[in-house]
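A.B. asks: Please see the structure below; I have some questions.
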Amino acid sequence: NAGVTQTPKFRVLKTGQSMTLLCAQDMNHEYMYWYRQDPGMGLRLIHYSVGEGTTAKGEVPDGYNVSRLKKQNFLLGLESAAPSQTSVYFCASSYRPVAGNTIYFGEGSWLTVV
Amino acid sequence: AQTVTQSQPEMSVQEAETVTLSCTYDTSESDYYLFWYKQPPSRQMILVIRQEAYKQQNATENRFSVNFQKAAKSFSLKISDSQLGDAAMYFCAYRSANRGGSEKLVFGKGMKLTVNP
């Protein structure tokens, strides 16, 4: 089972460049999330989606955009990368809580902005 | 807004011994879920155990068990017979069960567990 798959796994960007992280899940989950993890900060929510065609801001949304054109995919975009966006990014997905409460994570994407 | 606090940034335990990781949370909701996730050096987030707030019985998964004190808003994880492979970062997390919200996971800042041979 593939579960939650993130691409790419590693990327180095120059300041000002743009890129897109792709998250794909094959569990037919309604909810999808993008988190970032920084040392000593735990995981912080960037954006999330509760269904196809919907997105919403999380705790730290500035500098990021997202799209969910298909139920199985959730894209995270950086339009103009900054060194402060150097982080490990995690995608996650789940059913609605009434149908199942566990959130499943991808393996992470390491992004370095120089 | 809900918050999750892990007050101990690091702990260590001897192999085969028992260790308890603490977690407290703050919420005004009555229906929610609590989780412990393990993150080994590979950085993968692995679900260790989960607890539904409406259940009084503490969840157990093999060597892992929780002590859920709803009134005190406390959710500690006990690891019995610690193994070298248990060494990792451990995150406590909260998820609302209220419909219509994001039902997102709110994480504590994590705790690094070292297992000494």
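A.B. asks: Of these, A:30, A:59, A:79, A:52, which one is touching a helix residue (DSSP H, G or I) at 6+ places or on another chain (Cβ under 9 Å), of a type in the set (D, E, K, R) and either open to solvent by 20 Å² or more (accessible area, probe 1.4 Å) or at negative phi (or both)?
C.D. replies: A:30
A.B. asks: Follow-up question, since we're still on this one. Counting just the residues of the stretch B:2-14 that are open to solvent by 60 Å² or more (accessible area, probe 1.4 Å) and touching a residue at least 60 places away in the same chain (Cβ under 8 Å), which one comes out farthest from the other protein chains (Cβ to nearest Cβ)?
C.D. replies: The residue in question is B:14.
A.B. asks: Checking the conditions here, which among B:104, B:112 is within 14 Å of the chain's Cα centre (by Cα), open to solvent by 20 Å² or more (accessible area, probe 1.4 Å) and within 14 Å of another protein chain (Cβ to nearest Cβ)?
C.D. replies: Residue meeting the stated conditions: B:112.
A.B. asks: Additional query: Going by the conditions given, is residue A:112 at the interface with chain B (Cβ under 8 Å from one of its Cβ atoms), over 15 Å from the mean Cα position of the chain (by Cα) and either assigned to a loop (DSSP other than H, G, I, E, B) or over 26 Å from residue B:51 (Cα atoms) (or both)?
C.D. replies: no
A.B. asks: Those residues that are of a type in the set (S, T, N, Q) and over 13 Å from the mean Cα position of the chain (by Cα), I need them from the stretch A:95-109; list them, please.
C.D. replies: A:101, A:102
A.B. asks: So residue A:80 fits all but one of (1) among the polar types (S, T, N, Q); (2) in a loop (DSSP other than H, G, I, E, B); (3) within 11 Å of another protein chain (Cβ to nearest Cβ); what number is the exception?
C.D. replies: (3)
A.B. asks: Out of all the residues in the stretch B:40-49, which are more than 9 Å from every other protein chain (Cβ to nearest Cβ) and assigned to a loop (DSSP other than H, G, I, E, B)?
C.D. replies: Within the stretch B:40-49, the subset more than 9 Å from every other protein chain (Cβ to nearest Cβ) is B:40-41, B:48-49.
Matches in the stretch B:40-49: B:40, B:41.
This table checks each residue for (1) free of Cβ contacts under 8 Å to residues at least 60 places away in the same chain; (2) away from chain A (no Cβ under 14 Å); (3) open to solvent by less than 70 Å² (accessible area, probe 1.4 Å).
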| residue | (1), (2), (3) |
| --- | --- |
| B:16 | no, yes, yes |
| B:19 | no, yes, yes |
| B:24 | yes, yes, yes |
| B:28 | yes, yes, no |
| B:31 | no, no, yes |
| B:35 | no, no, yes |
| B:38 | yes, no, yes |
| B:51 | yes, no, yes |
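A.B. asks: Tell me which strands (runs of 3 or more DSSP E) are completely within the stretch B:56-109 and hold 3 or more residues being farther than 12 Å from residue B:33 by Cβ and not hydroxyl-bearing (Ser, Thr, Tyr), or say none if there are none. Full working, then the answer.
C.D. replies: Details: elements: B:64-69, B:74-79, B:88-96, B:105-107.
Once the strands (runs of 3 or more DSSP E) in the stretch B:56-109 are filtered for at least 3 residues that are farther than 12 Å from residue B:33 by Cβ and not hydroxyl-bearing (Ser, Thr, Tyr), what remains is B:64-69, B:74-79, B:88-96.
A.B. asks: Only one of (1) under 17 Å from residue A:41 (Cβ atoms); (2) within 13 Å of chain B (Cβ to nearest Cβ); (3) aliphatic (A, V, I, L, M) is not met by residue A:103, so which one is it?
C.D. replies: It fails just one condition, (1).
The values are calculated or read from the model by the stated rules, or taken from the named source; none is laboratory data. Model, not experiment: these values are computed from the prediction. Every residue, glycine as well, gets a Cβ built from its backbone with ideal geometry; the counts of neighbours run over all protein chains shown. These area figures cover heavy atoms from the full protein model, side chains too; ligands, DNA and RNA do not enter into them. Shrake-Rupley method; radii C 1.70, N 1.55, O 1.52, S 1.80 Å.
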